[in-house]
Amino acid sequence: MARPLSLQARSLAAAGIALAAFLGLTFFALDRAFFDAALSSQRERLQGYLHAYLAGADTNRAGNLIPPEVGPDPRFDRPDSGLYASIVGDHVRNARERQWRSPSALGIDQPLDSELAPGETRFEGPLKYADGELFVLSQGISWSVGDRPELKLTLHVAEDSTALQNQVLAFRRTLLTWLGGLGVGLLLLLLGVLRWSMAPLRKVAGDLARVERGAEEHLGDRYPAELSGLATNLNKFIDSERDRLKRYRHTLADLAHSLKTPLAVIRTQLESEVEGKQLRWTVLEQVGRMDEIVAYQLSRAATSGRQTFAAPLPLEPYAEEIVRSLEKVYADRQVLCEFEIDPDSRFRGDQGDLMELLGNVLENAFKWAKRSVLLTTRPIAAQGNHRSGLELIVEDDGPGIPEDRVDHLLQRGVRGDERVQGHGIGLSIVQDIIKAYSGSLKVTRSSALGGARFELRLMGD
């Protein structure tokens, strides 16, 4: 497959097409405007020659027209000069002649013999004739001097189109040169602007490459405002992935360390001369402990932690699902769980983490509650560049936790088999999830129900 065009190439190609279209329309508009102006100038010039001929003409006593001896321009008196004049009508020079031509038009077949009604004016061209093309201005007039007979005449003034065509061609060449140069200059300028504009993106790509090689730990912080948010989120994503990898390594190390003691016990029993029944119970006991350790460490490893691009999850559907299951488990005690969930409460993270967090805290409350459990959630307002967080509170009406036992209960040991049954493993998992989300856990006595109160704050960094 062909390699996709770069952003710079795409922008340059799009701008080049738009610039070519704009310059093409500009050329067409200017060329048309110049041609119309040249054509108007041509007509005005021919109109001036026509008026000059009228001013220089006269009539004799017989009523015949006497054209001027010398034309208003020397080219009228020079054969085949490209500037021609003709008068058509009655009594031109004498009663027998109906057409007069300037010396420049003698012997040349030209369309200068039509007649127009008095007052009619016609401008035509370019009209083809034997030797080229002409622009022709024709005007019909009625000539009356004193008591002399009225003359109906048509005056024609024509000029070869070569001069106007040469002007247009010269203008087009000049226009093409300037517009072409302007287009090339604008494209070069645009290329420079694009390279300058894309420099921050190239810097981000270069910084990412250095992070991948291990030369840098994070992206830099000197980016334009449009990219600063992207760089911040990428840095958070990098930190999240590194934390995840570190957590996996620590979990494997803890698992290996925790399994050493049960394996050592089993090996010692196998090497000793103990009875088969005692050996069997010892092995079963240690296998059970190892199974518990593996389950705990797998739960820790499954903790996803903060996810920069995770969609926020609502709390109520997941809480209802967990509470329905727990109410069935503890149906004999008829424990009732009530919700005070803010509609704006959202969890920004993995669904499995949310289920594990709610499941362990609520299960702990159900274990120790007499009749009532209260779940309260409310959002933590966003501050600066930090996203909104979540506060989650679980209270019960059980015996509570003595203040001097809180630290001991929440401390995280190295080996999984040292966890306190009922609170230890579950709360340790809760601790790991809270740490993964840069949160905090506070255990106090509930003023509303009288039992334990677990207050979890998950930050939205």
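Would you calculate the separation in nanometres between label points at Arg324 and Ala20, each defined as 7 Å from the Cα along the Cα-to-beta-carbon direction?
Going from the Arg324 label point to the Ala20 one covers 6.4 nm.
Count charges around Ser104 for me, please; just the other residues with Cβ under 13 Å from its Cβ, Lys/Arg as +1, Asp/Glu as -1.
-3
Calculate, in whole percent, how much of the Cα-Cα pair population of the chain lies beyond 34 Å.
For the chain, the share of Cα pairs beyond 34 Å comes to 65 percent.
Test of understanding: ordering Ile322, Ile87, Ile341 by Cβ neighbours within 10 Å, fewest first, what list do you get?
Listing Ile322, Ile87, Ile341 from fewest to most nearby Cβ atoms yields Ile341, Ile322, Ile87.
Could you work out [θ]222 nm for the chain from helices alone, using -39500 (n - 2.57) per DSSP H run of at least four and dividing by all its residues? Round to the nearest 500 deg cm²/dmol.
-18000 deg cm²/dmol
Find how much the distance from Ser142 to Arg371 grows on full extension, using 0.36 nm per residue of separation minus their present alpha carbon separation; answer in nm with one decimal.
So the extension gain works out to 70.2 nm.
To the nearest 20 debye, what is the magnitude of the charge dipole of the chain about its Cα centre, counting +1 on the Cβ of each Lys and Arg and -1 on the Cβ of each Asp and Glu?
Taking the Cα centre of the chain as origin, the dipole is about 1020 debye.
Which value in nm describes the separation of the simple spin-label points at Gln278 and Ser114, placed 7 Å from the Cα toward the beta carbon?
13.5
Near Ala117, within a Cβ-to-Cβ distance under 15 Å, what is the net charge of the other residues, with Lys and Arg +1 and Asp and Glu -1?
Local charge sum for Ala117: -2.
Under the √(5λ) rule applied to the eigenvalues of the Cα gyration tensor, what semi-axes describe the equivalent ellipsoid of the stretch 10-167? Give them in Å, descending.
Working from the Cα gyration tensor, I get semi-axes of 43, 16, 12 Å.
Under a cut-off of 20 Å between alpha-carbon atoms, report the lysines in cross-link reach of Lys236, not counting same-chain residues fewer than 8 places apart.
Partners found: Lys203, Lys246, Lys435.
When a footprinting reagent is the concern and you count Cβ atoms within 10 Å, what order do Arg405, Arg32, Arg244 take, fewest first?
Ordered from fewest to most neighbouring Cβ atoms within 10 Å, Arg405, Arg32, Arg244 come out as Arg32, Arg405, Arg244.
Students often forget the sequence filter, so: which aspartates and glutamates lie under 15 Å Cα-Cα from Lys370 once same-chain residues fewer than 8 apart are removed?
Filter leaves Glu327, Asp332, Glu338, Glu395, Asp396, Asp397.
For labels at Ser228 and Arg405 in the simple 7 Å Cα→Cβ model, what's the distance in nm?
The two pseudo-label positions are separated by 5.1 nm.
A short reminder: the numbers here are calculations on the coordinates, not readings from a lab. Since the model is a prediction, treat every value here as computed from it, not as a measurement. FYI the Cβ positions are ideal-geometry reconstructions off the backbone, even for glycines, and counts take in every protein chain you see.
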